[in-house]
Amino acid sequence: MTPSNKDNIPAAYELARERYAAIGVDTDKVIEKLATIPISLHCWQGDDVGGFENPDGELGGGIAVTGNYPGKARNADELRQDLELAYKLLPGKHRLNLHAIYLETGGKKVERTDIEPAHFSRWVDWAKEQKIGVDFNPSCFSHPMAGDGFTLSHPDKSVRDFWIQHCIASRKIGAHFGQELGTPAVTNIWIPDGFKDVPVDRYTPRMRLKKALDEVLAEKIDPAHNLDAVESKLFGIGSEACVIGSHEFYLAYALENKVLYCLDAGHFHPTEVISDKISSTLAFLDEILLHVSRGVRWDSDHVVTLGDELRAIAEEIVRNDFSNRVHVGLDFFDASINRIAAWVIGTRAMIKALMLAMLQPADKMRAVELEGDYTTRLALQEELKMMPADAVWGAYCACHGVPAGIEWLNEVRDYEKAVLAKR
Ligand code: RNT
Ligand code: ZN
């Protein structure tokens, strides 16, 4: 839908349309195109990466959530209810990114090696109702078998085999979601494995990981149902000196094995940015996955906001028309503010960043760059920052029946009083 289908086109949008037309940007087209890019909302923002396998379980794997804002989802029904409110406040159709520990077993203890599509049937039904695609992740943390910080690269074969089985089971669940929902699930493998202090042998654990991944990925699955991804990391809490699944390791693995590579915005040196890695990886890989996150001084997984790096990520996707090759997932967890608001703020920031990128006269900017006219390039980049993008955002939200401004927060506040306060 474009604003032209609407009877009342707000005056602010009319003016913005003219301003953008003058620099060669068709805002109606932007509004149409923006709706075609789904963002995968990570379920784990809703309950501090707890999951429903074990209510007393502790978060492991060197990731940490701070804050104790009241009202977190205690079961899958509550999480789905919270997600419904988040989706309602987002313009466009988006996806859900589920971790294996969000299974529903009806109270029965099911080992991670034994998880099956049946344990996710209520998620499938709900996703069908909501008409959203689902992505999936094996959960190789918060478990006694990951207690010493090693999983797929563990020196003990029985521990390795346990996690290999869990990852194999997870791929099947991803494929099941893909088949049922008619859109492939991206099943992303992230493991915490690494050393707190300087290891003597960095090679053997990496060779074990390589072999374990080969076993996990041995069975070919129709890419129409499931796409595999591997996520690298520079360091974690407890793996400061060496992470087995490093950038070079997984990038090479992804290349050799034709799987997706996952770039998490918090998983590099603080001055290193993933926006610069999108074009490099896509020069060799067909598709990649992003975990859009915001590190503050370290991999702190703060709620994503509309800053320079988020905008740069979006510009890379939009300018190169990579939206079919880059799967955009979010990965942050903040328990110090309303958790639903965190989803809404982060996802709306991502959508706004994509919109701002689309509102640029990319061809013209490329042309001046090619001519070596870097003066005009910089001048244009700065001028664009004050263009009336807010009016286009307003029109986009109106097309999707979603509040454009801070009014969305009233809905979250009402829900907080009516639902969250009673948990
Ligand atoms: C951890 C990774 C990983 C997790 C989620 C829960 O550093 O970023 O993606 O955040 O899988
Ligand atoms: Zn991540």
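The values are calculated or read from the model by the stated rules, or taken from the named source; none is laboratory data. Small disclaimer: the values here were computed from a predicted structure and weren't measured. Every residue, glycine among them, receives a Cβ derived from its backbone with ideal geometry; neighbour counts consider all protein chains shown.
Values for this structure:
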read-out: Those residues of the stretch 154-171 which are buried (at least 19 other Cβ atoms within 10 Å of the Cβ) and within 25 Å of the chain's Cα centre (by Cα), in sequence order; value: TRP163, ILE164, HIS166, CYS167, ALA169, SER170, ARG171
read-out: Answer from PHE177, PHE136 - the residue that is aromatic (Phe, Trp, Tyr), within 26 Å of GLY245 (Cα to Cα) and crowded, with 22+ Cβ neighbours inside 10 Å; value: PHE136
read-out: All positions within the stretch 361-405 that are of a type in the set (Phe, Trp, Tyr) and under 26 Å from ALA349 (Cβ atoms); value: TRP393, TYR396
read-out: Any hit, the stretch 11-34, residues being on the phi > 0 side of the Ramachandran plot and in contact with a Lys or Arg (Cβ under 8 Å, 6 or more places away or on another chain); value: yes
read-out: Residue list for the stretch 84-141, filter: more than 30 Å from CYS399 (Cβ to Cβ), under 16 Å from the mean Cα position of the chain (by Cα), assigned to a loop (DSSP other than H, G, I, E, B) and of a type outside the set (Gly, Ala, Ser); value: PRO138
read-out: Any hit, the stretch 77-87, residues being at pLDDT 95 or above, in contact with a Phe, Trp or Tyr (Cβ under 7 Å, 6 or more places away or on another chain) and of a type in the set (Lys, Arg); value: yes
read-out: Test for HIS327: is it within 16 Å of ligand 1 (Cβ to nearest atom) and closer than 20 Å to PRO184 by Cα; value: yes
read-out: Count of residues meeting criterion [over 17 Å from VAL304 (Cβ atoms) and within 15 Å of ligand 1 (Cβ to nearest atom)] in the stretch 250-265; value: 3
read-out: Among residues of the stretch 260-308, those that are in a loop (DSSP other than H, G, I, E, B), farther than 19 Å from ASN320 by Cβ and of a type outside the set (Val, Ile, Thr), counted; value: 15
read-out: Matching entry among ALA212, ALA229, ALA254 (being within 16 Å of ligand 2 (Cβ to nearest atom) and part of a helix (DSSP H, G or I)); value: ALA254
read-out: Options GLY346, GLY394; residue that is within 16 Å of ligand 1 (Cβ to nearest atom), under 20 Å from GLY92 (Cα atoms) and touching a residue at least 24 places away in the same chain (Cβ under 8 Å); value: GLY346
read-out: When residues of the stretch 7-64 are limited to those that are among the acidic types (Asp, Glu), crowded, with 16+ Cβ neighbours inside 10 Å and not in a helix (DSSP H, G or I), the one farthest from the chain's Cα centre (by Cα); value: GLU53
read-out: Pair list, Cβ under 6 Å, 6 or more apart: the stretch 362-382 residue more than 16 Å from GLY24 (Cβ to Cβ), other residue modelled with pLDDT of 95 or more; value: none
read-out: Count of the stretch 266-300 residues which are within 14 Å of ligand 1 (Cβ to nearest atom), polar (S, T, N, Q) and surrounded by fewer than 16 Cβ atoms within 10 Å (Cβ to Cβ); value: 1
read-out: Qualifying positions in the stretch 160-198 - part of a loop (DSSP other than H, G, I, E, B) and away from ligand 2 (no atom under 16 Å from the Cβ); value: GLY182, THR183, PRO184, LYS196, ASP197, VAL198
read-out: Residues of the stretch 363-383 classified as within 31 Å of the chain's Cα centre (by Cα) and among the polar types (S, T, N, Q), total; value: 1
